[in-house]
1. Once fully extended, how much extra length lies between Ser503 and Lys276, figured as 0.36 nm per residue of separation less the alpha-carbon to alpha-carbon distance?
2. Kindly give the semi-axes, whole Å and largest first, of the ellipsoid equivalent to segment 497-565, taking each as the square root of 5 times a Cα gyration tensor eigenvalue.
3. Among the listed pairs Lys276/Lys356; Lys486/Lys580; Lys450/Lys611; Lys288/Lys410, which have their C-alpha atoms separated by more than 25 angstrom in this model?
4. Report the label-to-label distance for Val373 and His80 in nanometres (one decimal), using points 7 Å from each Cα along the Cα→Cβ vector.
5. So for Asp300, Asp491, Asp128, what's the accessible-area order with a 1.4 Å probe, most first?
6. In what sequence, highest mean first, do 285-291, 497-503 appear when ranked by Cβ atoms within 10 angstrom?
7. Can you give the charge dipole size of segment 52-161 about its Cα centre, rounded to the nearest 20 debye, using +1 on the beta carbon of Lys and Arg and -1 on the beta carbon of Asp and Glu?
8. Provide the packing ranking of 53-62, 393-402, 469-478, i.e. peptides ordered by the mean count of other C-beta atoms within 10 Å per residue, highest first.
Amino acid sequence: MAFSNNKQKQQEEEEEEHRMEEDEDESEEEEEHFWDDWEGEDEEGEQRDSEFVCLFCESRYSSCGSLFDHCASLHRFDFHAIRTTLSLDFYASFKLINFIRSLVAENRCWSCGLTCQSNRDLQNHLHDLVDFNEIKTLWNDDRYLIPFMEDDSLLYSFGDCDEEGEDEQITPIDEDLIKDLMNIEESIHDDQDVVNKMVVDDDKHEIASVSNDHLNKASSSKELINGKDLCCDKDPEGHLMVNSQNHIAKHIKKINESYFGSYSSFGIHREMLSDKVRMDAYGQAILKNPSLLNSAVVMDVGCGTGILSLFSAKAGASRVIAVEASAKMAAVASQIAKDNGLLLSKSQNGVDGFQKGVIEVVHGMVEEIDKTVEVQPHSVDVLLSEWMGYCLLYESMLGSVLYARDRWLKPGGAILPDTATIFVAGFGKGATSLPFWENVCDFDMSCIGKELVIDAARIPIVDVVDSQDLVTCSAILQSFDLATMKPNEVDFTATATLELKPSYSGTCCWCYGVVLWFDTGFTSRFCQETPAVLSTSPYMPRTHWSQTILTFREPIAMGFGKGNRGKPEAIGTEVYPAAKIDLRVSIVRSTEHRSIDISLEAAGVEPDGQKRSWPAQLFNLQ
């Protein structure tokens, strides 16, 4: 009986052990099923993981080695050479792949930043690197530790195809790291709605200028994985969770505070109020078009001292909503309106012949004013703003104006100004510092001038250019209809052709770069009695906007000579000057809030159409 009981007990223990093994197998199968995308447990997973997608086109390869050979031969991207030259470890290489994929998705060149119109144009544009070290910092951002492309096999396999001799430099792939990275990828999709709500409301906030692509990839630092900051938090259940919303919101808030705070300086306002071109254009548009302003409801976006609001009240507006994000300037504008009897007050009458106070100064961003002032959607007759920055688009305030237009302006209401145009022209040696340094008290200091020109090829310069120093005719680069344009049209790529001035009589002159400026129009569409134009052209009186100067890395010779018969490398030289210069320019809002990125591509063209192209240049105006 005892033996029988022992045997039965042994059988029960064996059955229990068998059940535990089955449960463990089921648990392992569930875990394996969860990770089948990574370990290729099923046939579909193996097929998917075996396909490595090219960084630049839709081509797929069965191994990352074949893919990188393809990239090197067709797209001029030598992954192994870049890793070796820059001594990139696993993390830096991981970032590089995500960085390239993110830019290619926007049809942007990964090395120079040029924005192309299509992926095909981008592939035609791709070029060899000139300076490896110059680009190393481009992807040195922890947001590129977030996989840009879902199920990107290349991210976790590139270490397997390292060339011989690189093993000592490359950190081996850690399985725990892979799992952590996958958690990040999954959680960033789950938390995207939270990010959008906390950071940017596309319908209500100026931060709409920040693209979703940047929101997807930016994050803050909370968690260390293998000693590397992967910018993560953990939720109460212990899962990794992207914590980018607070970081981005705080960063943009800090930039906005700095931006609006800079306008608390009275010196800036004195400069703007002393700008005769500016004041004459706005004064004429507001004060000399009575059919537009009389009894109108006006909104002034970014009122500053309130001068445009004062003009509007003087012109007979029934209500003026003056919006100002700087607390100090909102208080100043209120005091100025009050001192002139124009601040809205139930008990106060006007002075100096003006009607009773009609100006309401609202402190805050225009995207948020419905929280502090009663104004019905689509109830404004005239939308006013002096939003323009250097090169027209610097400061990125246009997005706020377009938001106000779509939110508050009546159908068919007026927006002033209602047009904006960016112009471009080529400048000669006289617009550089070279002439000064060539003769300083009869001493040659041209070495300084040459160094300054080299530096200018990296950084845009805002300065006044004499029209006599322009060597080409001006050309329209881009035009905006502010009454109808969409917010995403603020970013653009455009082409223009520069030709020598007809008055030029020499055989050859040198074009050292291009000058950008803008005009804004108060056209007869709304200003029927008296249209006006605000021009920042070098041919007009100077303004506080000056012009924006982009210098070529090397000057291009221009003239009216004959072709060089099959020698494109000689085009643009003194022997074979170019008849004209074709430009391709992109201006986009930068990842740094309120800054803009400008890419410039130039090609010298001979009379017979033969071209010589120079590498694209990238400038950041901040």
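The values are calculated or read from the model by the stated rules, or taken from the named source; none is laboratory data. Model, not experiment: these values are computed from the prediction. In this analysis, Cβ positions are derived from the backbone assuming ideal geometry, glycine residues included, and neighbour counts consider all displayed protein chains. With ligands, DNA and RNA removed, areas are computed over all heavy atoms of the protein, side chains included. Shrake-Rupley method; radii C 1.70, N 1.55, O 1.52, S 1.80 Å.
1. Numbers: separation 227, 0.36 × 227 = 81.72 nm, distance 3.06 nm.
Stretched fully, the Ser503-Lys276 segment lengthens by 78.7 nm.
2. Details: eigenvalues 238, 49, 22 Å².
Each semi-axis is √(5λ); the values are 35, 16, 11 Å.
3. Numbers: Lys276/Lys356 29 Å; Lys486/Lys580 33 Å; Lys450/Lys611 27 Å; Lys288/Lys410 22 Å.
Listed pairs above 25 Å: Lys276/Lys356; Lys486/Lys580; Lys450/Lys611.
4. If labels sit at Val373 and His80, their model points lie 6.5 nm apart.
5. On the way: Asp300 0, Asp491 50, Asp128 90 Å².
The ranking, largest first, comes out as Asp128, Asp491, Asp300.
6. Output ranking for 285-291, 497-503: 285-291, 497-503.
7. Working: 9 positive and 15 negative charges, 24 e Å.
That gives segment 52-161 a dipole magnitude of about 120 debye.
8. Working: 53-62: 15.9, 393-402: 22.8, 469-478: 19.1.
Top of the packing list down: 393-402, 469-478, 53-62.
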